[in-house]
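For reference, the structure discussed in these notes is given below.
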Amino acid sequence: FEVDLYRHESACQTPLDREYRKEILKLEKAGGRKNRRVFTYTDHDRFTNLEERCQKVTDSDHEVPSFLAERMANVRRRRQDRRPIEASSLKSKIITWEPSEEFIKNNHVINTPVQTMYIMGDMGPYGKLGHREYEHVLCTIKVDSNGVITVKPDFTGTKGAYRIELDGEKREVWKYTIENASVQMQPEEEEREQRVFRDPFTLFVCLFLQTLPGTLRLFVNGEIVSAQGYEYDNLYVRFFLELPNEWSSPAFQQLSGVTQTCATKTVGSENVAYFCYPFTLEMFFTQGDEAEDTVPEWPVLYFEVLSLDFWQRYRVEGYGSLVLPASPGLHMLTIPTWRPVQLGTVAELRRFFIGGSPELEDLTYIRIPSTFKGERLSRFGFRTETTGSVTFRLYCLQQSKAFLESSARRQCMQSVLDRLGGFSHQSSIYNVLEAFQRARRRMQEARESLPQDLISPSASAVCQSQEP
């Protein structure tokens, strides 16, 4: 199915689709590839998004997804399947009358980011493989951000084989089993792992020392506080983080998100929407040998503010970007936004009555586009207008192995922090000159406080010559 789909260039929408097209064309030149009964769809394939998007909320055959659900399908977090509670025997309490703090913390999260892989089976007739209608999901494997692996359906074990009955004239029945073929852990390794888990401090040190000497770990506990000064009501914010070269993030880290839709209230002379939407980011900076004398680029948070009214009219209210602070601590930042406009009354009438407005195809065009490779970027002729602003609250934490080394080693390792400090202009020429001026003023004050005979050497020499 994917070979037939990506053979056409018009079907390629993402960079992954274009990469599949190159591989397919390369296989065709080499003689083609035979279809197989068992294959997989990974987390970033188109089948995964369609499989999750087609999940219905009701049992109606005529259910149609809303406009907002279609727009947010590519940014929402994937939910884990909830396990049904057996009516015959309740294995857990329905109500916890005295919940602990750990219980509240673990159960307060509504959903958890999940990476999904589908193991598929082609149940088509012999010699006619590769048709979409014969594809069936044999097993779903999910890994959440807590490291929990979910296999559905479960390993066969002592149970009988799973059955798939096809709807057709022959009513074919397929049976298959799922077995755990992973390598068993040796007793010594299992004992060592249990010993590490029993000692939290040892576990923390082992995890912390995994960072390389030239690596900086950056934690950002952020919050989208509010949005103010926009034309329409019912606002929500979409955002994503772009990591430059030499930066990386854990596999489970979500680098994008979307807030809830929030109605505005009048505060003073502005309409303000309070989101209070929290997010957490974790990144790693690895120092390269070839970039020791250059100032590293810092991660950038791109965001857009949108509105959706009662009549499902969708409008872009503003675009903005935020460079994450280079210094640790609390930062309250209010970022102004803008939106592209078209000249004439027709565009404003269209925006008011039916919604819709000019929008950016690539959000990185807010700053310097990620695909730009030239020397000069000209935006002459691109018309925009100023809109409102978005307020962020960021708690930044930096960790580096350089702080665990000796003083001599720390001096050798401080190049990373010096370069990062240079990015935030803490080591700029202006600061050096300002420090020089302060030292000069202190020297002048010290000279004024001393006696004149100590300051002037000629005066002291005259006094010595007059003595008998």
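Read the figures in this text as sums done on the coordinates, not as results from a lab. No experiment lies behind these values; they were computed from the predicted model shown. Using ideal geometry, Cβ is built from the backbone for each residue, glycine included, and neighbour counts are taken over all protein chains shown.
Between the stretch 152-195 and the stretch 131-149, what is the separation of their alpha carbon centroids in Å?
13 Å
I'd like to compare 97-103, 238-244, 317-323: which one has the highest average count of other Cβ atoms within 10 Å, and what's the full order after that?
Result, highest mean Cβ count within 10 Å first: 317-323, 238-244, 97-103.
When the Cα centres of the stretch 352-372 and the stretch 8-23 are compared, how far apart do they sit, in Å?
23 Å
When the convex hull of the C-alpha atoms of the stretch 234-287 is computed, what volume per residue in Å³ does it have?
102 Å³
Sort the following peptides by mean Cβ neighbour count (other Cβ atoms within 10 Å, averaged over residues), highest first: 170-178, 308-316.
The densest-packed peptide leads the list: 308-316, 170-178.
Suppose each label sits 7 Å from its Cα in the direction of the beta carbon; what would the Ser10-Glu445 distance come out to in nanometres?
Here the modelled spin labels are 7.7 nm apart.
Could the peptides 182-191, 265-274 be put in order, highest first, of the mean number of other beta-carbon atoms found within 10 Å of their residues?
Ranking the peptides 182-191, 265-274 by packing returns 265-274, 182-191.
Using the basic label-point model (7 angstrom from Cα toward the beta carbon), what is the Gln437 to Lys373 distance in nanometres?
With each label placed 7 Å out from Cα toward Cβ, I get 4.5 nm.
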